[in-house]
Every structure is written in structure tokens, then in C-alpha cells.
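Colleague: Input: one structure, supplied below.
The values are calculated or read from the model by the stated rules, or taken from the named source; none is laboratory data. The model shown is predicted, which means the values in this text are computed figures rather than measured ones. Using ideal geometry, Cβ is built from the backbone for each residue, glycine included, and neighbour counts are taken over all protein chains shown.
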Amino acid sequence: MNQDYIKPDNWSIIEEGFDAERVKSSESLFSIGNGAMGQRANFEETYSGETFQGSYIAGIYYPDKTKVGWWKNGYPKYFAKVLNAPNWIGIDIEINGENLDLAKCQSVNNFKRELNMKEGVYYRSFQAIMQNGLNISVKITRFLSLDLDELGVINYEIIPLNGDAKIVFKPYVDAGVQNEDANWEEKFWEPLDVKNSTNEAFVTARTFKTHFIATTFMQNSILINGQNVNATPSNIEKNNEKVQYFYEINVLRDETGSIQKFGGYTVSLNHENTQVAAQNIISEGLKIGYSNLVENQKLAWAKIWEMSDITIDGDVKAQQGIRFNIFQLNQTYLGKDSRLNIGPKGFTGEKYGGSTYWDTEAYCIPFYMATKDQQVARNLLTYRYNQLDKAIENAKDNLGFTNGAALYPMVTMNGEECHNEWEITHEEIHRNGAIAFAIFNYYRFTGDYSYIPEKGLEVLIAIARFWHQRATYSTNKNQYVILGVTGPNEYENNVNNNFYTNYLAKWCIDYAVEQINKVENEYTSDYTRIMSKVNLDNAEIAHWKAVADNMYFPYSKEHDVYLQQDGFLDKELIKVHDLDKSQRPINQKWSWDRILRSPYIKQADTLQGFYFFEDHFSKEQLEKHFNFYEPFTVHESSLSPCVHSIQAAVLDKMDMAYTFYLRTSRLDLDDYNKEVEEGCHITSMAGTWMSIVEGFGGMRVKNDSLHFEPKIPSQWKGYSFKINFRNQILKVEVKSTETKFTLEGNKPISVYVNGKEVIVEPNSLVTV
């Protein structure tokens with residue numbers, strides 16, 4: 001496959017030329033979403049070639065029962081699957097008696113896809129000579145409305161070029177869909193009801209087990225040369241899960257026949273009666289009208305870009321990469337609903353179950369804090385607070401912990417653990433620390449302390465209790481150790497004393513104690529309420545502190561670095577650049593046994609600790625650890641390049657920082673990991689934003705102030721970004737010779753540039 005087929009463009013993702021080998025990859029890359037639902041870039045018309053059908057609704061999932069042997073007690077009861085939702089986009093096309101199918105046409109010419117990220121609209125066009133000899137020109141426009149987030153819109157236009165045509169548009173809605181990720185080709189939707197009226201149809205189905213109800217709907221308008229001909233279907237075919245309409249029109253040579261299809265989903269998460277809700281959405285869509293819906297979409301996206309855009313001058317591929325990442329993040333999650341979270345594939349595929357991982361806290365929250373209203377980040381924190389009881393239940397039932405200790409799930413949809421690999425589920429416990437760190441990070445950035453006494457402190461206490469119980473006193477070391485874990489480097493399982501995990505455990509306890517004292521002194525009523533609720537006293541806190549104050553960290557005097565875990569130096573320390581290229585990627589070439597015995601690191605592990613707690617270590621320590629660990633890192637996690645890019649920038653390794661940035665920003669566009677057909681790496685895309693803002697821009701929050709250490713890759717002429725810091729918007733423009741600051745707000749703020757204080761007044765320009 002050509003990994004470099006996406007045409008460089010500042011604002012669009014563009015594919016030119018039809019290649020059946022890359023259809024599935026493009027279906028991922030050209031996916032659209034609006035926070036409430038998403039759609040892979042499947043063709044509306046019949047396509048008999050290889051395809052990965054995927055349409056997804058936020059919050060809708062299926063608990064696929066786990067089967068496992070008796071010897072692994074505590075195994076999650078199910079693996080949550082993100083569900084391929086009923087098909088709303090389908091429009092079979094018959095022209096002069098032949099079905100349009102790009103896999104069967106005599107030729108397909110001038111094929112073009114364009115995902116216009118500025119507008120939030122997906123376009124597809126082509127010319128095709130059908131088997132019957134008819135030459136047609138086709139143009140399709142599709143988008144998911146941001147304003148009406150239950151509505152999708154399609155405009156499908158056909159022009160016959162070498163003769164008149166009888167066109168039959170056959171739009172349908174169909175609940176009889178299968179999942180790419182299904183076992184035994186089972187189905188997940190139970191049809192409940194099918195209804196239709198003149199140009200509208202509704203298929204209502206319910207998920208097995210979870211009983212989510214969704215009404216999939218459509219409304220069709222037929223046009224000739226842009227004029228609605230008020231057509232009614234010549235035929236309707238339906239069964240218990242599908243409705244299909246037939247609209248016949250005669251179109252003269254060089255004239256345009258088209259169908260405008262409104263469709264989408266209304267779900268029981270949001271409506272008591274999903275059919276009535278669907279009818280209301282159709283009515284609202286028709287009232288606004290197609291042209292206005294398109295214009296409203298452009299305006300809604302302009303508003304998002306106004307705040308979240310990053311500009312890069314002089315490097316089109318880098319510019320396209322960052323905008324693609326920002327675009328996908330905004331398509332996946334807009335922060336309107338605290339019941340929702342950010343799945344690793346968003347709305348672009350089914351891998352990983354589409355569930356919530358620690359990626360949200362570690363990588364996504366900084367992006368949403370800085371580019372949205374702080375309420376959005378608060379909603380992400382609230383999501384975890386609302387699932388605290390489930391996290392306590394998880395620690396109790398699966399691990400035997402007591403006294404309100406909480407282990408947040410590795411993977412979840414509703415707070416229950418639903419990861420399907422025992423080793424990761426029970427060993428990769430550092431995710432608990434990321435959730436605590438997010439609370440700290442939120443307060444550090446927003447200055448909004450109210451979250452901690454209201455909700456956050458309960459989470460911190462439950463996590464501290466977990467670490468206290470999970471640590472073991474070693475009489476051999478006369479210190480506390482944490483045994484049998486997996487760090488962020490998942491190419492190591494069941495290790496003892498992973499540095500990052502141990503360091504997080506100590507920090508979590510210390511931070512929880514610090515916040516308990518602060519709430520006791522400043523929020524007395526909250527303190528009384530919480531202590532009574534969780535039954536915590538000073539004696540227990542003293543036990544926690546004994547663990548934190550005497551935590552063991554593996555260390556090598558020879559190398560003067562903290563060791564990733566006990567025994568790391570026992571490995572055969574062959575660096576990545578000495579590996580034969582034919583062995584890469586190792587996760588596709590080696591046995592799992594060989595990977596586990598190797599020194600190779602999937603993503604930042606010890607260095608993840610240095611990223612979170614940068615101010616705990618000197619720059620010299622960072623450099624030693626970076627120089628020691630990066631040469632063993634294969635970067636086979638999408639989360640890897642961003643942390644390394646940020647740290648390389650701190651260490652003035654700008655060529656390396658730029659290379660890592662390009663890799664994280666174009667991971668999917670250039671298909672580095674050779675897996676983009678399964679969906680895009682959504683949560684790592686927030687890391688791309690961090691690579692620029694925290695890496696090149698050097699943005700940090702220290703003592704309630706913004707600090708910058710701006711740097712610029714030699715490949716760029718300049719770059720700019722905006723930060724929403726405590727309800728004032730700071731724009732930062734960096735060039736090789738100067739940095740400019742402008743402030744949208746009502747009071748001056750102090751920023752620090754390379755350690756020097758700079759006062760930025762509202763609506764004025766400051767050049768440093």
C-alpha cells in the first residue's frame with residue numbers, strides 16, 4: 001500500500017484516484033463525527049469490494065461475555081464492544097437497469113475524496129463508465145450536523161454524460177448490520193419496530209443485553225437540476241429490520257438528478273420516545289433546509305477553529321497533521337455530556353472496544369482545558385467521580401481490597417472493568433495515578449479548587465487507600481515495594497517495582513494527604529461530610545504516609561538512572577538502531593515471549609514519570625534518563641512520540657523533537673503503524689497538540705502563571721496557538737527571532753518567557 005497517498009493541504013484531507021487496496025484505510029481517515037455520533041467514510045451506494053462498515057453512537061455498547069479458565073479469578077465478566085449502529089447512509093443506485101458499484105464499473109476516473117476540516121464537510125466525486133456503457137459524473141456531500149447532533153445530511157448528485165438516464169434512487173435504513181469485531185458473526189441489534197410515511201422511514205432496534213433503544217431514521221427529497229420534484233416512492237420494500245424506498249426519475253444527458261437524504265439516530269439515553277424524537281429532528285432539519293444546514297455547519301466549525309486552531313508557517317504536511325488531529329478530537333468529544341468520554345478510536349473504528357482508557361486523563365484533558373471552557377475538562381473529571389463506587393467495587397470483588405480502596409478500570413464504558421486481558425487488567429494499575437494526576441492538573445491549570453472539596457477528594461482518598469494496600473513491606477529491603485505490575489511499557493508484564501508505578505503511588509498518597517489538610521482548614525463542612533462518608537481518621541492517614549515515605553525506587557549507580565523496574569539491566573541491552581529493520585515492528589514480527597524478554601520499550605515509561613513530574617527532577621536528570629531509555633524505545637504505541645517530542649524539545653534536541661512531532665501528527669495520515677484501516681488513534685492526537693504547545697512552545701503552569709520557553713524547528717518559519725487560561729484567551733505567535741503575545745480578556749496577565757516576567761495587557765500586542 002502507498003502510505004503517502006494523502007495529498008498535502010493546509011485545510012483538507014484529499015485523496016485522488018480510486019484504488020481498491022486503500023478503501024478501508026480511507027474509510028478511517030475520512031470519518032466524520034459530531035460528538036454524539038460518527039460515521040466511517042463508507043460509500044452510500046453498493047460496493048462489493050472490501051470494506052469496513054462502521055457507524056457509531058456515543059455511549060452505546062454491547063457487553064460481550066468473557067470466557068476464561070477458572071485459574072484466573074477476578075477476570076472481567078465481559079469485553080465491551082463499541083457497536084456498529086444501524087445503517088442510515090445507504091442509497092443503492094440503479095441507472096438504466098444496472099446497479100452502480102465502483103468495484104464493477106468499466107472504469108472509475110477523476111475519483112476524489114476531500115474532508116474539508118475547516119467546514120466539517122466530507123465530499124466525494126468521480127466519473128464512471130458503467131458496464132452498460134453509460135458515462136456518469138457523481139458528486140456526494142455528507143456531514144453530521146454540529147447544531148443538530150442527531151442529524152446527518154447527504155446530498156447525492158448524478159449527471160449522465162453520454163445519454164439520457166433512468167435513475168432509481170433506493171435509500172434505506174437497516175438495523176441488520178454486523179460488526180467487524182464480532183465473534184461468530186453474531187448480531188447485536190434486536191429489531192423492535194418499522195414505520196414509514198410518504199418520504200420518511202423509521203427503524204427502531206434495541207441492543208441485546210444492555211437494552212439501549214435507537215431509532216434510525218431517514219427523510220428523502222428528490223431533485224432535478226436543483227429543484228425539488230416532490231417525488232413519492234414508486235415502491236417500498238420492508239421487513240422487520242429494514243425499509244427501502246424506490247424513487248424513479250428520468251434525467252436528460254448533462255442534467256443533474258439528486259437525492260437529499262436526512263438521517264441519523266435518536267436514542268433512549270436522551271429520549272423517552274425515540275420515534276417521536278426522530279420525527280422532531282426531521283421536522284427541524286426540513287425547517288432549516290439543506291442550504292442553511294450546510295452554512296450552519298461551516299459557522300459552527302469556524303467557532304471551534306477560532307479557539308483550537310494551531311497555525312504552522314512553511315510546512316504544509318506538519319500543518320495538515322496538526323489540523324487533522326485537532327479536527328478528529330473535536331469530532332469525537334465536545335464536552336457536552338459528562339456521561340461520555342473519549343474512546344481510543346473515537347468514531348472511526350471498533351478496536352479497543354471504543355471505551356475509556358487512562359489516555360483521557362494523561363493526554364486528552366490538557367487539550368480540552370486549554371481549548372474549551374473549563375467545564376468541559378470538569379465533565380471529564382466528573383465522569384470518573386460518578387464511577388467511583390464501581391471502582392471501589394472493582395478493587396473489592398476482583399482483588400480482595402477493603403475499606404473503600406478503589407481501582408479504576410483499565411477499560412470501561414460504565415465504570416465496570418471490561419478489559420479482556422488479565423495481565424493488563426490487573427497489573428497496569430498506574431492508570432489509578434493518571435486519574436489522580438488529572439485532578440491535580442485541572443486545579444493547576446484552571447485555578448478552580450472547588451472540584452476537590454465537592455468531588456475530587458473522595459477520588460483521591462479511594463486511590464490513596466488502594467496504593468496503601470497494594471504496596472508490600474519488604475523485610476529484605478526494609479522498604480515498601482509494589483510487585484507484579486505492568487508499567488506504561490506493555491512490552492513488560494508482571495514486573496516488580498516499576499519506577500513509574502512506585503513513584504505515582506508515593507505521589508498519590510502525598511497529594512491526597514495534602515488535599516485532606518487543605519480541605520480541613522478551608523472547607524470545613526465539606527471536610528466533615530467527606531470524612532464521615534469515607535470513615536477516614538488520622539491513624540489510617542499515618543499508615544498511608546509510612547508507605548509513601550519509605551517507597552522503594554530501583555536505581556542503577558553505574559548508569560545514574562532510575563531503572564524501569566527490577567532486573568531491567570539483566571536484559572540483553574541491544575539498542576533499537578542496532579536491530580535489523582526487517583525485525584520491525586517487533587509487535588508484528590516477534591513472539592510475545594521474545595518481546596517480554598527484550599529491553600524494548602513500547603512507549604514512555606520511566607520517561608512518563610519525568611513528563612508528569614518534570615519539576616521534581618533536574619534538567620540534567622531528565623537528559624540522563626532520556627539518553628538512556630529512548631535508544632531502547634520502539635515507539636510502537638501511538639502515545640509514545642508526543643512525550644518524547646516534548647522532552648527532546650526541553651533538551652534542545654530539536655531535530656529529534658521535530659521528527660517525533662511529525663510522527664505523532666501524521667501517524668494515521670501516513671499509516672506509520674500499518675493499521676489505520678482499523679480506525680484512527682484519537683486519544684494520541686491530543687499528544688500532537690501537546691507536542692507543539694508544551695514541546696515547542698514550552699508552556700507550563702507554575703505558581704498560577706503561564707511560563708513559556710519558545711523554540712522553533714528549523715523546518716518552520718513560525719507557528720501560533722491559543723490558550724484559554726482562566727477565562728482569558730492568550731494568543732502566542734512564535735518566530736525564530738521573536739515571540740508575540742496578544743490577550744482577549746479584561747485584565748492584564750503576567751507570563752514568563754524564558755524565566756523573565758512579561759505583562760500582557762488586554763487587546764494589545766507584546767513582542768519578546
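Colleague: Check every one of the strands (runs of 3 or more DSSP E) wholly within segment 37-144 and list those with 2 or more residues that are within 30 Å of Asn250 (Cβ to Cβ) and of a type outside the set (Phe, Trp, Tyr).
Modeller: Qualifying strands (runs of 3 or more DSSP E): 91-95, 107-116, 121-129, 135-144.
Colleague: Let me ask something else about it. Can you report the number of residues in segment 519-547 which are over 25 Å from Glu454 (Cβ atoms) and of a type in the set (A, V, I, L, M)?
Modeller: Result for segment 519-547: 4.
Colleague: So, Gly487, is that one under 20 Å from Gln603 (Cα atoms), touching a helix residue (DSSP H, G or I) at 6+ places or on another chain (Cβ under 6 Å) and in a loop (DSSP other than H, G, I, E, B) or not?
Modeller: Yes; evaluated as a whole, the condition is true for this residue.
Let's see how each residue does on (1) of a type in the set (A, V, I, L, M, F, W, C); (2) closer than 21 Å to Thr51 by Cβ; (3) free of Cβ contacts under 8 Å to residues at least 24 places away in the same chain:
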{"site": "Pro171", "(1), (2), (3)": "no, yes, no"}
{"site": "Ala175", "(1), (2), (3)": "yes, yes, no"}
{"site": "Asn179", "(1), (2), (3)": "no, yes, no"}
{"site": "Phe188", "(1), (2), (3)": "yes, yes, no"}
{"site": "Leu192", "(1), (2), (3)": "yes, no, yes"}
{"site": "Ser197", "(1), (2), (3)": "no, no, yes"}
{"site": "Glu200", "(1), (2), (3)": "no, no, no"}
{"site": "Phe208", "(1), (2), (3)": "yes, no, no"}
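Colleague: Among the residues of segment 585-643, how many are within 24 Å of Asp655 (Cβ to Cβ) and charged (D, E, K, R)?
Modeller: 9
Colleague: Separate question: Go over the candidates Tyr357, Tyr385 one by one and state the one that is within 26 Å of Ala405 (Cβ to Cβ), surrounded by fewer than 24 Cβ atoms within 10 Å (Cβ to Cβ) and not assigned by TED's automatic domain parsing to the domain that holds Lys77. Reasoning before the result, please.
Modeller: On the way: Tyr357 fails: surrounded by fewer than 24 Cβ atoms within 10 Å (Cβ to Cβ).
None of the other options fit; the residue is Tyr385.
Colleague: Please verify whether segment 89-112 includes one or more residues that are small (Gly, Ala, Ser), in contact with a helix residue (DSSP H, G or I) (Cβ under 6 Å, 6 or more places away or on another chain) and either assigned by TED's automatic domain parsing to the domain that holds Glu237 or within 30 Å of Asn225 (Cβ to Cβ) (or both).
Modeller: no
Colleague: Within segment 357-367, does at least one residue satisfy the condition of being among the polar types (S, T, N, Q), in contact with a Ser or Thr (Cβ under 6 Å, 6 or more places away or on another chain) and either in a helix (DSSP H, G or I) or modelled with pLDDT of 95 or more (or both)? Even if it seems obvious, please write down each step before you answer.
Modeller: Of segment 357-367, the ones among the polar types (S, T, N, Q) are 360.
Applying the additional criterion that residues be in contact with a Ser or Thr (Cβ under 6 Å, 6 or more places away or on another chain) yields none.
Among the residues of segment 357-367, not one is among the polar types (S, T, N, Q), in contact with a Ser or Thr (Cβ under 6 Å, 6 or more places away or on another chain) and either in a helix (DSSP H, G or I) or modelled with pLDDT of 95 or more (or both), which makes the answer no.
Colleague: Do we have any residue at all in segment 194-204 that's surrounded by fewer than 19 Cβ atoms within 10 Å (Cβ to Cβ), over 30 Å from Asn414 (Cα atoms) and of a type in the set (Gly, Ala, Ser)?
Modeller: Within segment 194-204 (the criterion being surrounded by fewer than 19 Cβ atoms within 10 Å (Cβ to Cβ), over 30 Å from Asn414 (Cα atoms) and of a type in the set (Gly, Ala, Ser)), the answer is yes, since at least one residue qualifies.
Colleague: Let me ask something else. From the list Asn325, Asn330, Asn292, Asn386, exactly one residue is at pLDDT 95 or above and under 25 Å from Glu458 (Cβ atoms). Which is it?
Modeller: The unique qualifying residue is Asn386.
Colleague: While we're on this one: Out of Ile712, Ile759, Ile729, I need the residue that is among the β-branched types (Val, Ile, Thr) and closer than 24 Å to Glu614 by Cβ. Which one?
Modeller: Result of the check over Ile712, Ile759, Ile729: Ile712.
Colleague: When Tyr661 is evaluated against the numbered criteria (1) surrounded by fewer than 23 Cβ atoms within 10 Å (Cβ to Cβ); (2) touching a Pro at 6+ places or on another chain (Cβ under 9 Å); (3) outside any loop (DSSP other than H, G, I, E, B), which criterion, by number, is the only one it fails?
Modeller: The one condition Tyr661 does not meet is (1).
Colleague: Determine, yes or no, whether Ser338 is at pLDDT below 95, out of contact with any strand residue (DSSP E or B) (no Cβ under 6 Å at 6 or more places or on another chain) and polar (S, T, N, Q).
Modeller: Criteria met by Ser338.
Colleague: If I go through segment 618-656 residue by residue, how many of them are in a helix (DSSP H, G or I) and either surrounded by fewer than 24 Cβ atoms within 10 Å (Cβ to Cβ) or hydroxyl-bearing (Ser, Thr, Tyr) (or both)?
Modeller: 21
Colleague: Restricting attention to segment 407-436, and to residues there that are assigned to a helix (DSSP H, G or I) and closer than 23 Å to Ala512 by Cβ, which single residue is modelled with the lowest pLDDT?
Modeller: Among them, the one singled out is His426.
Colleague: Restricting to segment 123-152, count the residues that are of a type in the set (A, V, I, L, M) and under 20 Å from Lys112 (Cβ atoms).
Modeller: 6
Colleague: Further, regarding this structure: Which of the residues that make up segment 265-279 are over 23 Å from Asn84 (Cβ atoms) and either among the aliphatic types (A, V, I, L, M) or in contact (Cβ under 8 Å) with a residue 12 or more places away in the chain (or both)?
Modeller: Val276, Gln279
Colleague: Can we say Tyr442 is touching a residue at least 60 places away in the same chain (Cβ under 8 Å), among the aromatic types (Phe, Trp, Tyr) and either out of contact with any Cys (no Cβ under 8 Å at 6 or more places or on another chain) or farther than 26 Å from Ala370 by Cα (or both)?
Modeller: Working: touching a residue at least 60 places away in the same chain (Cβ under 8 Å): yes; among the aromatic types (Phe, Trp, Tyr): yes; either out of contact with any Cys (no Cβ under 8 Å at 6 or more places or on another chain) or farther than 26 Å from Ala370 by Cα (or both): yes.
So Tyr442 fits the description; yes.
Colleague: Consider segment 494-518. How many of its residues are surrounded by 19 or more Cβ atoms within 10 Å (Cβ to Cβ) and touching a residue at least 60 places away in the same chain (Cβ under 8 Å)?
Modeller: 14
Colleague: Only one of these is surrounded by fewer than 22 Cβ atoms within 10 Å (Cβ to Cβ) and within 33 Å of the chain's Cα centre (by Cα): Asn109, Asn84, Asn73, Asn99. Name it.
Modeller: One residue alone meets the criteria, Asn73.
Colleague: Could I ask something else about it? Has segment 567-579 got at least one residue that is in contact (Cβ under 8 Å) with a residue 12 or more places away in the chain, out of contact with any Ser or Thr (no Cβ under 8 Å at 6 or more places or on another chain), surrounded by 16 or more Cβ atoms within 10 Å (Cβ to Cβ) and not aromatic (Phe, Trp, Tyr)?
Modeller: No, segment 567-579 contains no residue that is in contact (Cβ under 8 Å) with a residue 12 or more places away in the chain, out of contact with any Ser or Thr (no Cβ under 8 Å at 6 or more places or on another chain), surrounded by 16 or more Cβ atoms within 10 Å (Cβ to Cβ) and not aromatic (Phe, Trp, Tyr).
Colleague: Oh, and also: Counting only residues that are of a type in the set (A, V, I, L, M), closer than 20 Å to Gly257 by Cα and part of a loop (DSSP other than H, G, I, E, B), how many does segment 145-162 have?
Modeller: 1
Colleague: May I pose another question? Residues that are polar (S, T, N, Q), buried (at least 20 other Cβ atoms within 10 Å of the Cβ) and closer than 25 Å to Ala539 by Cα: does segment 405-427 have at least one?
Modeller: no
Colleague: Answer yes if at least one residue in segment 301-312 is among the aromatic types (Phe, Trp, Tyr), more than 20 Å from Ala36 (Cβ to Cβ) and in contact with an Asp or Glu (Cβ under 8 Å, 6 or more places away or on another chain), and no otherwise.
Modeller: No, every residue in segment 301-312 fails to be among the aromatic types (Phe, Trp, Tyr), more than 20 Å from Ala36 (Cβ to Cβ) and in contact with an Asp or Glu (Cβ under 8 Å, 6 or more places away or on another chain).
Colleague: Separate question: Which members of segment 282-340 meet the condition of being among the basic types (Lys, Arg), in contact (Cβ under 8 Å) with a residue 12 or more places away in the chain and part of a helix (DSSP H, G or I)?
Modeller: Lys298, Lys317, Arg323
Colleague: If only one of Asp615, Asp593 is modelled with pLDDT of 95 or more, surrounded by fewer than 15 Cβ atoms within 10 Å (Cβ to Cβ), touching a strand residue (DSSP E or B) at 6+ places or on another chain (Cβ under 8 Å) and not aliphatic (A, V, I, L, M), which one is it?
Modeller: Answer to the check: Asp615.
Colleague: Would you call Ile224 in contact with a Gly (Cβ under 7 Å, 6 or more places away or on another chain) and surrounded by fewer than 22 Cβ atoms within 10 Å (Cβ to Cβ)?
Modeller: Yes, satisfied.
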